[in-house]
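Q: One structure follows; several queries about it will come next.
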């Protein structure tokens with residue numbers, strides 16, 4: 001162990017990937033598992049994007065480190081069309097998944113990293129690997145698990161050098177909570193960020209999966225201090241393609257250039273066929289718009305059904321506003337859990353998998369205290385291709401639709417709620 005970088009002490013494999021591997025192992029062994037662990041889009045990559053990949057399969061040359069110029073142009077146009085924000089192609093960077101770009105950004109940034117709690121499982125480990133000082137920003141059920149401008153201001157005032165550069169990582173719609181900011185909340189955050197010289201890395205990978213289709217980028221109000229991150233893994237169903245993008249303001253050109261240097265010495269460039277195919281995705285089309293509309297519809301109805309099932313038996317859970325996650329708090333059952341020797345979120349998660357075959361992730365893995373009886377559920381264990389085809393054929397997205405096309409998700413939720421209502 002003396003040869004291992006001390007920054008890696010206590011780090012383990014990403015929780016989301018670990019639970020997915022465990023689920024697959026159990027299924028190979030013949031066990032029925034209802035998976036609410038890995039947040040992988042259930043929907044297929046749109047046909048036009050797949051066709052582009054097939055056409056470009058022979059592309060084999062190294063591409064520019066910063067990204068295929070044609071793709072950078074398409075991404076800039078995407079942000080203009082979707083977010084109403086103007087970028088030049090030179091302000092765009094392409095990487096092998098937004099996850100890699102997020103890490104390199106933290107590595108290159110000279111300052112502390114501000115991370116909300118809860119937040120996606122990889123933000124803090126990446127900061128630790130990069131040797132950064134991590135400052136956690138607490139949230140609560142009452143604040144929808146989102147940071148408030150008051151909390152950000154308080155944290156900044158507590159720092160020894162309040163105006164020292166800091167990088168705040170935001171993610172909305174949120175993984176793990178499925179909630180999002182209002183425009184008023186974003187404007188309040190921006191006011192504090194400007195005052196205290198806080199840069200924002202806005203992870204908007206779920207932006208196009210806002211259930212009402214009206215996601216607003218914080219860069220609209222803080223263009224000079226926001227890096228916008230997106231990619232094809234969530235809204236385009238292409239998680240395994242590993243392609244993500246950053247859009248930088250002109251004021252952060254130096255950070256962009258530093259990231260390109262690191263990229264040149266690490267991943268070199270993103271797969272050529274994938275970049276060429278991604279141009280089609282980012283340019284969009286009527287067919288892709290319809291795909292997104294129907295995807296959001298299914299996720300909205302399914303999310304609403306899940307939260308209503310939980311809320312009906314006294315589980316605190318926020319209504320889902322985007323993406324495909326719910327973040328239920330099971331504290332109502334605390335005393336009954338203690339009789340089962342369940343006193344924290346890890347034990348609750350393990351119990352559900354071992355006894356019910358329901359795979360979840362404990363809230364502790366997202367930055368919460370272990371004793372908080374909170375789990376993250378990703379409701380994607382269904383055949384998205386069949387579900388989209390049903391809508392195309394005129395099937396209404398209602399409860400009957402969910403029982404037919406999202407049956408594993410429905411059964412998994414029923415297993416949890418049935419167990420809870422029988423506890424003594």
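Q: Select, from 372, 275, the only residue that is more than 25 Å from residue 125 (Cα to Cα) and at pLDDT 95 or above.
A: Numbers: 372 fails: more than 25 Å from residue 125 (Cα to Cα).
One residue alone meets the criteria, 275.
Q: Continuing with this model, one more query. Quick one: how many residues across segment 154-173 are exposed (fewer than 13 other Cβ atoms within 10 Å of the Cβ) and either touching a helix residue (DSSP H, G or I) at 6+ places or on another chain (Cβ under 9 Å) or modelled with pLDDT of 95 or more (or both)? Spell out how you get there, then give the answer.
A: Narrowing segment 154-173 to residues exposed (fewer than 13 other Cβ atoms within 10 Å of the Cβ): 157-158, 160-161, 163.
Now restrict to residues that are either touching a helix residue (DSSP H, G or I) at 6+ places or on another chain (Cβ under 9 Å) or modelled with pLDDT of 95 or more (or both): 163.
The total comes to 1.
Q: Something else: Would you mind telling me which numbered condition in (1) under 21 Å from residue 93 (Cα atoms); (2) buried (at least 21 other Cβ atoms within 10 Å of the Cβ) residue 209 fails?
A: With (1) under 21 Å from residue 93 (Cα atoms); (2) buried (at least 21 other Cβ atoms within 10 Å of the Cβ) applied to residue 209, the lone miss is (1).
Q: Give, as residue ranges, the helices (runs of 4 or more DSSP H) completely inside segment 36-139 that count at least 1 residues that are surrounded by fewer than 17 Cβ atoms within 10 Å (Cβ to Cβ) and in contact (Cβ under 8 Å) with a residue 40 or more places away in the chain.
A: Numbers: elements: 47-55, 69-83, 98-108, 123-129.
Those helices (runs of 4 or more DSSP H) span 47-55, 69-83, 123-129.
Q: Quick one: is residue 258 in a helix (DSSP H, G or I), in contact (Cβ under 8 Å) with a residue 12 or more places away in the chain and over 22 Å from the mean Cα position of the chain (by Cα)?
A: On the way: in a helix (DSSP H, G or I): yes; in contact (Cβ under 8 Å) with a residue 12 or more places away in the chain: yes; over 22 Å from the mean Cα position of the chain (by Cα): yes.
So residue 258 passes the test.
Q: Now, a different point. Looking only at segment 285-307, decide whether some residue is surrounded by fewer than 19 Cβ atoms within 10 Å (Cβ to Cβ), in contact (Cβ under 8 Å) with a residue 60 or more places away in the chain, assigned to a loop (DSSP other than H, G, I, E, B) and in contact with a helix residue (DSSP H, G or I) (Cβ under 8 Å, 6 or more places away or on another chain).
A: Yes, segment 285-307 contains at least one residue that is surrounded by fewer than 19 Cβ atoms within 10 Å (Cβ to Cβ), in contact (Cβ under 8 Å) with a residue 60 or more places away in the chain, assigned to a loop (DSSP other than H, G, I, E, B) and in contact with a helix residue (DSSP H, G or I) (Cβ under 8 Å, 6 or more places away or on another chain).
Q: Given the options 346, 377, 388, 402, name the one that is touching a strand residue (DSSP E or B) at 6+ places or on another chain (Cβ under 6 Å) and either within 29 Å of residue 235 (Cα to Cα) or outside the structural domain of residue 23 (by TED's automatic domain parsing) (or both).
A: On the way: 346 fails: either within 29 Å of residue 235 (Cα to Cα) or outside the structural domain of residue 23 (by TED's automatic domain parsing) (or both); 388 fails: touching a strand residue (DSSP E or B) at 6+ places or on another chain (Cβ under 6 Å); 402 fails: touching a strand residue (DSSP E or B) at 6+ places or on another chain (Cβ under 6 Å).
Result of the check over 346, 377, 388, 402: 377.
The values are calculated or read from the model by the stated rules, or taken from the named source; none is laboratory data. Computed from a predicted structure; not experimentally measured. In this analysis, Cβ positions are derived from the backbone assuming ideal geometry, glycine residues included, and neighbour counts consider all displayed protein chains.
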